[in-house]
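Input: a single structure, listed below in structure tokens.
Derivation of every value follows stated rules applied to the coordinates shown; laboratory data play no part. On a predicted model such as this, the values are computed, not experimentally measured, just so you know. Glycine gets a Cβ as well: all are built from the backbone with ideal geometry, and neighbour counts include every protein chain shown.
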Amino acid sequence: MNVSYLYSLLAVIILGLIAYVGAAIGLESLFGIVIPYLAILAFLVGFVNKVLDWAKSPVPFRITTTCGQQKTLDWIKPSTIDNPTTTRGVIIRMLLEILLFRSLFRNTRVEFKGEKVSYKWVIWLWLFAIMFHYSFFVVVIRHLRFFVEPTPFFVNALETVDGMLQLGLPGLFISGATLLGATTLLLLRRILLPKMNYISRAADYFPLFLIIGIALTGIMMRYFTKVDVVKIKELTMGLASFHPGIPEGGVSALFYVHLFFVSLLVAYIPFSKLMHMGGIFLSPTRNLANNNRMKRHINPWNPKVKIHTYDEYEEDFRDKMKDAGIPVEKE
Amino acid sequence: MGDLPKPDEMYESIDHTPPEEEWEKIESPITPGRYAYPAKDKNLSIMEFRTPGEWSPADEEWPLPENWQQIIHEGFKERLEKYRSLKIFMDTCVRCGACADKCHYFIGTGDPKNMPVVRAELLRSIYRNDFTTAGKILKKLSGGRELTKEVIKEWFAYFYQCSECRRCSVFCPYGIDTAEVTMMGRELLNLLGLNINWIMEPVANCFRTGNHLGIQPQAFKEIVEFLCDDIEEITGIKINPTFNRKGAEILFITPSGDYFADPGTYTFMGYLMLFEALGLDYTLSTYASEGGNFGLFTSSDAMKKLNSKMYAEAKRLGVKWILGGECGHMWRVINQYMDTMNGPADFLEVPKSPITGTVFNNASSTKMVHITEFTADLIRHNKLKLDPSRNDKFKVTYHDSCNPARAMGLLEEPRYVINNVCNYFYEMPENTIREQTFCCGSGSGLNTEEVMDLRLRGGLPRANAVKHVHEKYGVNMLACICAIDRAAFPPLMEYWVPEVGTTGIHELVANALVMDGEKERTTDLRFEPLKEEEDEADEG
Amino acid sequence: MKDKGKIIVGLVIFVVVLTFPFWYNHGVATQAPEPELTKKAKKADKCVEETAYMRKEHMQILDKWRDTVVRDGKRMYVNANGKEYMASLSNTCIDCHSNKEEFCDKCHDYASVEPYCWDCHTYPEEKE
């Protein structure tokens with residue numbers, strides 16, 4: 001069994017301890033100001049660079065993966081989304097892909113049952129992925145309350161919906177629990193399923209542990225150890241308004257662990273597989289229409305190649321062609 | 001198939017449990033039955049590739065050039081700059097595992113390196129090490145590894161255990177297409193002169209003689225005339241197809257497999273009979289006598305070189321448009337590459353069926369129509385006299401060929417045609433057809449005898465689905481629209497479901513087609529009685 | 001490439017959305033609010049528990065008070081130092097903190113927290 005997840009777990013624990021101890025020995029400015037700024041900078045520069053680098057390479061061929069009937073004869077109903085020929089179709093296909101993870105929804109599992117090979121529809125991966133991404137998204141939006149003053153209406157509205165269970169005090173946010181749950185499920189999937197375990201490496205476990213770390217510290221602060229929220233907002237608002245400072249009286253060291261994890265995650269994105277958040281928009285098998293036979297696609301580097309021309313061909317076979325009564329250009 | 005295990009033994013032996021060892025540490029990827037013989041120098045030199053001399057993948061030391069690492073590095077860099085797809089596919093995979101059990105080669109072999117994700121990792125690991133910041137700093141931690149000779153062997157082994165069928169790309173949340181990865185990997189191997197002869201010989205042949213099999217013009221004509229004699233014997237109608245005729249309305253191009261060996265030849269006879277019944281003004285070409293394009297399995301340049309003949313010949317002959325036969329990867333090239341590579345075809349007209357008047361606007365730029373589109377249109381307009389009962393001895397199922405399904409979306413046309421020429425048609429289970437169809441196991445140049453073990457294993461998912469409908473409905477005929485299928489299925493069926501035959505769709509069309517002035521038919525195109533005696537049909 | 005423009009537009013939108021807090025605040029540092037104490041509160045000097053504790057845990061205390069009073073009928077609260085208080089929002093808390101807007105709302109608004117105290121309780125006329 002592949003236990004590379006232990007390295008990632010260890011790395012995240014050590015990183016957490018570093019922030020905890022760092023904050024305790026007076027390095028609040030480092031963990032509360034310098035590192036967050038550097039992380040955001042690394043993220044923005046790294047992300048933009050990566051996407052521009054992708055954009056620099058052309059798309060020489062239109063290699064759509066078609067998942068439905070093409071548009072041909074009038075009386076055959078085309079699959080306008082899974083095999084789009086128009087921009088509208090492509091946009092809908094991309095939206096379904098990005099917002100609903102449509103391809104993942106098709107997932108099946110192969111099983112050998114007696115003499116039959118069967119393919120069972122399985123939605124677990126899709127479900128965990130949807131739970132994970134949407135709860136993470138909600139958590140991020142909710143956190144705007146720490147970075148914007150006054151808190152925008154949509155954040156308040158989201159908080160109301162997210163807290164609708166009215167469970168406990170402070171009220172439970174569903175997204176936080178879902179985030180922790182889904183991330184844990186995704187992690188367990190990697191550790192326990194033999195095939196997943198086989199293909200998973202440190203780079204797969206690290207972000208999962210990091211996000212679990214973020215969720216756990218966040219949940220700890222909100223529901224258990226408690227922090228002085230006003231002080232924390234003072235710090236985060238300082239960051240967001242470019243007037244950074246560490247609030248008087250300080251905030252709990254756990255907060256610095258939380259913030260450090262977030263900084264690491266943010267800075268890690270452009271240099272890792274987490275760039276799939278940008279890549280999904282640019283995948284040529286999904287974002288192109290299958291209208292190749294209607295509209296010529298241009299390859300900017302279309303090379304001149306040496307071809308074997310008809311004349312050369314006839315040169316090789318002229319006598320044989322004439323004998324066989326096949327017309328030739330030169331008698 | 002002498003030293004192959006019995007089907008049930010092979011089936012029982014398939015184990016999907018991953019090995020103890022990490023894939024990075026598993027050595028000696030070259031396994032008998034899973035590698036094809038290397039390309040011969042004479043073929044490589046025709047296509048101007050490096051010629052490594054005589055060698056075998058089983059050799060300890062491979063004939064790599066001195067600066068092979070540099071060649072690969074620079075070749076990789078060049079391709080990253082030319083293909084956004086490659087960059088995206090290298091960067092975005094999260095190893096979610098959705099693709100892992102979608103590959104027929106993984107399902108059939110259980111070899112973890114045949115999981116699409118790992119196959120791509122073989123290349124990705126080198127990409128990370130050589131081209132990414134994280135890889136340069138974190139090395140192994142980011143999933144990078146050094147390019148060694150062992151890696152080259154691994155690439156050779158596994159990029160030639162992928163049939164570029166794109167099934168995995170249907171399931172990938174980012175649309176990562178292993179065909180694209182494999183194509184890039186094969187291009188890199190080509191830079192070192194490492195290719196397989198089953199691909200390189202057809203490519204070289206096609207370049208010189210116009211078709212994969214190296215059939216010369218006079219021989220092509222002789223074969224066609226021979227097939228016409230058969231048609232005459234069956235129908236009493238003499239057909240005289242023309243060759244390289246200028247001024248014909250339509251140029252017809254089909255894979256050479258269709259006129260080389262049965263059951264492809266029956267499909268070819270089917271085309272000729274259909275055209276004769278319609279009185280179509282068409283010609284065959286000896287120069288463009290190949291619909292397929294093994295260049296697709298070699299490099300984009302090789303693909304372009306071979307494909308160029310279609311438009312060049314259409315132009316020379318002055319035809320109005322091109323009609324294409326039943327072939328899988330041929331249609332990937334025509335749909336996704338031809339116009340871009342060798343277009344614009346502004347010397348041709350938007351295809352219009354001379355029989356029905358239907359304008360094929362879907363091919364308004366490429367000017368090339370698929371024969372099942374053409375025939376479906378004919379049937380829709382009642383232009384064909386059909387007697388489907390002539391196919392009554394066939395219980396037919398239909399195999400969607402990978403490329404027409406996933407690189408085009410030709411799903412309904414063939415079904416419509418089959419339903420009109422056969423009375424007994426049964427679909428295979430839904431996760432094995434249409435865009436989820438399984439490869440025949442021999443695609444992308446892997447239909448050679450020496451990889452029979454791989455082919456039978458890779459063909460298992462398809463064969464097993466056929467077996468299902470065979471047992472459930474008594475299916476005894478597997479229809480397809482791909483010349484490689486027609487070559488690959490007979491041995492595959494022989495092994496897994498021996499009672500099922502293989503046919504092209506236009507063989508079924510021609511069986512049912514009532515031609516003006518034909519004599520009463522007593523046999524099908526295979527010279528077998530039209531109706532099998534009842535007891536005989538009722539087998540096993 | 002003709003799609004480069006689209007990609008750059010997408011990137012710009014992405015960066016603009018992502019940096020929302022930075023431009024939304026116009027770089028203006030808002031002062032974190034300090035709850036204002038009434039004279040009575042100042043005079044009392046000490047709340048039912050230490051100030052730092054109260055800042056983090058006041059909602060927990062109120063929650064507990066509600067439960068013990070309403071469910072168990074216990075009206076007295078004994079703090080860490082053994083001092084007794086009547087467990088009552090209206091009588092104990094508001095007795096000193098009779099300035100809801102300046103004492104409660106300031107921080108709650110700032111931190112975007114909407115306590116449901118006032119779903120049931122009414123707040124007396126603000127004094128001072």
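Compared with the dominant Cα axis of chain C, that is its longest principal axis, helix C:51-66 is turned about 70°.
I'd like the GluC sites (Glu not before Pro) in segment B:79-158 restricted to DSSP loop residues with at most 13 other Cβ atoms within 10 Å, sorted by number.
Working: sites: B:81, B:121, B:146, B:150, B:154; in loops: B:146.
Counting only loop positions with at most 13 other Cβ atoms within 10 Å, the GluC sites (Glu not before Pro) in segment B:79-158 are B:146.
Cβ-Cβ distance of residue B:527 and residue B:449, R₀ of 22 Å, FRET efficiency by 1/(1 + (r/R0)^6): the value works out to about 0.25. The mean of 1/r over all pairs of different alpha-carbon atoms in chain C, once inverted, gives a Kirkwood hydrodynamic radius of 18.1 Å. In chain A, the longest principal axis of the Cα atoms and the axis of helix A:253-268 are about 10 degrees apart. Extending 7 Å from Cα along the Cβ direction at residue A:122 and again at residue B:246 yields two label points whose distance is 6.3 nm.
Over 31 Å apart at the Cα level, from the set A:322/B:42; B:352/B:472; B:42/B:238, are B:352/B:472; B:42/B:238. Here the simple spin-label model places points 7 Å from the Cα toward Cβ, and for residue A:96 and residue A:329 these points are separated by 4.9 nm. Taking a ≥ b ≥ c as the square roots of the Cα gyration tensor eigenvalues, with a/c under 1.5 meaning rounded and otherwise prolate when a/b beats b/c, else oblate, which class fits segment B:261-366? Oblate, because a/c is 1.5 or more while a/b does not exceed b/c. With pairing defined as another cysteine C-beta under 4.7 Å, the cysteines of chain B that fail it are B:93, B:96, B:103, B:162, B:172, B:206, B:228, B:327, B:422, B:440, B:480, B:482.
In the protein assembly as shown, the DSSP beta bridges split such that about 40 percent are antiparallel, to the nearest 5.
Within segment B:19-50, which residues have the backbone N less than 13 Å from the label spot 7 Å out from residue B:58 along Cα→beta-carbon, could you tell me? Residues B:30-38 fall inside that zone.
Grab the beta carbon distance between residue B:45 and residue A:322, set R0 = 25 Å, and tell me the FRET efficiency rounded to 0.05. For R0 = 25 Å, the calculated efficiency reads 0.30.
In this label model, residue A:56 and residue B:31 are separated by 4.0 nm, measuring between points 7 Å along each Cα→Cβ vector. Compute the distance from the alpha-carbon center of segment B:337-369 to that of segment A:127-191, in whole Å. With segment B:337-369 and segment A:127-191 each reduced to a Cα centre, they are spaced 53 Å.
Based on alpha carbons, the Rg and Dmax found for segment B:203-537 are 18.6, 57 Å. Relative to the longest principal Cα axis of chain A, at what angle does helix A:310-324 sit, 0 to 90 degrees, rounded to 10? The answer is roughly 40 degrees. Taking packing as the residue-averaged number of other Cβ atoms within 10 angstrom, the listed peptides B:13-22, B:207-216, B:322-331 run from highest to lowest as B:322-331, B:207-216, B:13-22. Determine the percent antiparallel among the DSSP beta bridges restricted to segment B:203-537, to the nearest 5. In segment B:203-537, DSSP labels about 15 percent of beta bridges as antiparallel. Rounded to 0.05, the FRET efficiency of the residue B:430 and residue A:166 pair, given R0 = 45 Å and the Cβ-Cβ distance, is 0.50.
Compared with the alpha-carbon gap, the fully stretched path from residue C:60 to residue C:6 is longer by 14.3 nm at 0.36 nm per residue.
So, with +1 on the Cβ of K and R and -1 on the Cβ of D and E, and no other charges, what is the size of the charge dipole of the protein assembly as shown about its Cα centre, to the nearest 20 debye? Working shown, then result.
Details: 112 positive and 125 negative charges, 735 e Å.
The dipole of the protein assembly as shown has a size of about 3520 debye.
Taking 16 Å as the cut-off, the amide N atoms of segment A:178-200 that come nearer than this to a point 7 Å along the Cα-to-beta-carbon line of residue A:134 belong to A:178-183. Per-peptide packing, taken as the mean over residues of other Cβ atoms within 10 Å, places C:4-11, A:38-45, A:16-23 in the sequence A:16-23, A:38-45, C:4-11 from highest down. Across the options C:23, C:77, C:87, the greatest Cα extent toward the positive end of the charge dipole of chain C (unit charges at beta carbon of Lys, Arg, Asp, Glu) belongs to C:23. With contacts taken as Cα pairs under 8 Å at a separation of at least 6 residues, chain B carries a relative contact order of 17 percent.
If each DSSP helix of 4+ residues adds -39,500 (n - 2.57) and the sum is divided by the residues in chain A, what number results at 222 nm, nearest 500 deg cm²/dmol? Please list the in-between numbers first.
Working: 13 runs with 182 residues, N = 331.
Helices in chain A give a 222 nm mean residue ellipticity of -17500 deg cm²/dmol.
Please work out the C-alpha center-to-center distance from segment B:52-95 to segment B:142-168 and express it in whole Å. A separation of 9 Å, based on Cα centres. Remark: relative contact order (segment A:5-300) = 35 percent; criterion is Cα-Cα distance under 8 angstrom and separation of 6 or more residues. Straight-line cross-link partners of residue A:320 among the lysines, defined as a Cα under 18 Å from its Cα and at least 8 positions apart when in the same chain: A:330, B:221. Where the alpha-carbon atoms of the protein assembly as shown are placed on the principal axes, they occupy 120, 62, 56 Å, in descending order. Footprinting exposure proxy ranking of B:286, B:132, fewest other C-beta atoms within 10 angstrom first, gives B:132, B:286. Among the residues of A:314-327, the average count of other protein chain beta-carbon atoms within 10 Å of the residue beta-carbon is 5.
The spacing between segment A:193-260 and segment C:1-54, judged by their C-alpha centroids, is 17 Å.
Rounded to the nearest 20 Debye, what is the dipole magnitude of chain B about its Cα centre when Lys and Arg each give +1 and Asp and Glu each give -1 at the C-beta?
So the magnitude is around 2320 debye.
For chain B, no complete DSSP H run has alpha carbons reaching 30 Å or more along its own long axis together with a mean Kyte-Doolittle score of 1.0 or higher. Counting only DSSP H runs of at least 4 residues, each contributing -39500 (n - 2.57), and dividing by the residue count of chain B, the helix-based mean residue ellipticity at 222 nm comes to -13000 deg cm²/dmol. Is any residue of segment B:100-117 close enough, with backbone N under 17 Å, to a label point placed 7 angstrom from the Cα of residue A:111 along the Cα-Cβ axis, and if so, which? Output list for this probe position: B:101-102.
Computed on segment B:49-148, the Cα convex hull volume stands at 150 Å³ per residue.
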